[in-house]
Amino acid sequence: MELVMPIKDKGKIEEMKQELLKQSYRDYMIFVFGCNCGLRISDIIDLKVSDVKNRRYIELREQKTNKNKMFPISGQFKMEIDKYIQGMSDSDYLFTSRQTCKDGTKKNITRVQAYRSLKQIADRLGIEHFGLHSMRKSFGYFYYEATGDLVKLMDMFNHSSLAITKRYIGITQDELDESLEGFFI
């Protein structure tokens, strides 16, 4: 199994978003969701329009941990969501596949479908160690970079220790050393 890492370059994230937007609005939004809410892909692909429409929070029970999760939807993220869900029914999955159920409603995209779409673009852009978990890890990396708060991030990710969270988001000893360069009280 390949080691999956966060995308630590905002320029690469922007390139990825632009390429995905050319390919598919749905795939672009999956990436936007993954990078802006830190949820696992299994929870993202199960979301329905009613889970995000006119909401300030995404509320769900995480599939992996079976814990309730409440995640705030920021202003710009909300604008992206509102634009994406225009014309969709509340009962629709946010991220549908071409397959339909017996009643004619569309099924949600699978993890495999999402992986193939996103991995293809990541490979083309030269983004190494990319997997679906890279989005969640990227969220964590940039949250930590912006806030410096590993404790809150550990809580958001339901990790049992700070060491796990540090390793998870790819914080290396070199980065810690660099952050202390020139530090003196």
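Would you confirm whether or not segment 122-134 contains a residue that is surrounded by 19 or more Cβ atoms within 10 Å (Cβ to Cβ), of a type in the set (S, T, N, Q), modelled with pLDDT under 95 and part of a helix (DSSP H, G or I)?
First pass over segment 122-134, keeping only residues surrounded by 19 or more Cβ atoms within 10 Å (Cβ to Cβ): 122, 127, 130, 132, 134.
Still in the list and also of a type in the set (S, T, N, Q): 134.
Next, from what is left, pick out any that are modelled with pLDDT under 95: none.
Looking for residues that are surrounded by 19 or more Cβ atoms within 10 Å (Cβ to Cβ), of a type in the set (S, T, N, Q), modelled with pLDDT under 95 and part of a helix (DSSP H, G or I), one finds none in segment 122-134, hence no.
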Among Ile44, Ile73, Ile85, the single one that is under 15 Å from the mean Cα position of the chain (by Cα) and at pLDDT 95 or above is Ile44
Name every residue in segment 30-67 that is assigned to a loop (DSSP other than H, G, I, E, B) and in contact (Cβ under 8 Å) with a residue 40 or more places away in the chain, in order of residue number. Gly38, Leu39, Arg40, Ile45, Asp46, Leu47, Val52, Glu62, Thr65, Lys67
In segment 68-104, what residues are surrounded by 10 or more Cβ atoms within 10 Å (Cβ to Cβ) and part of a loop (DSSP other than H, G, I, E, B)? Ile73, Ser74, Met88, Ser89, Asp90, Asp92, Leu94, Phe95
Is there any pair linking a residue in segment 137-149 that is touching a residue at least 40 places away in the same chain (Cβ under 8 Å) to one that is crowded, with 19+ Cβ neighbours inside 10 Å and assigned to a helix (DSSP H, G or I), with Cβ under 6 Å and at least six apart or on different chains, and which? Ser138/Cys35; Phe139/Cys35; Gly140/Leu153; Tyr143/Leu153
Scan segment 53-67 and tell me whether some residue there is touching a Cys at 6+ places or on another chain (Cβ under 7 Å) and hydrophobic (A, V, I, L, M, F, W, C). yes
Single unsatisfied condition, Lys107 versus (1) of a type outside the set (Gly, Ala, Ser); (2) over 26 Å from Arg167 (Cα atoms); (3) under 17 Å from the mean Cα position of the chain (by Cα); (4) not in a helix (DSSP H, G or I): (3)
Among the residues of segment 110-120, are any at pLDDT 90 or above and not in a helix (DSSP H, G or I)? yes
Going residue by residue through segment 11-25, is there one that turns out to be crowded, with 18+ Cβ neighbours inside 10 Å, within 13 Å of Phe77 (Cβ to Cβ) and touching a residue at least 60 places away in the same chain (Cβ under 8 Å)? no
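The values are calculated or read from the model by the stated rules, or taken from the named source; none is laboratory data. Only a predicted model underlies this, so the values are computations on that prediction, with no experimental measurement involved. Ideal geometry is used to build each Cβ from the backbone, glycine not excepted, and the neighbour counts take in all protein chains shown.
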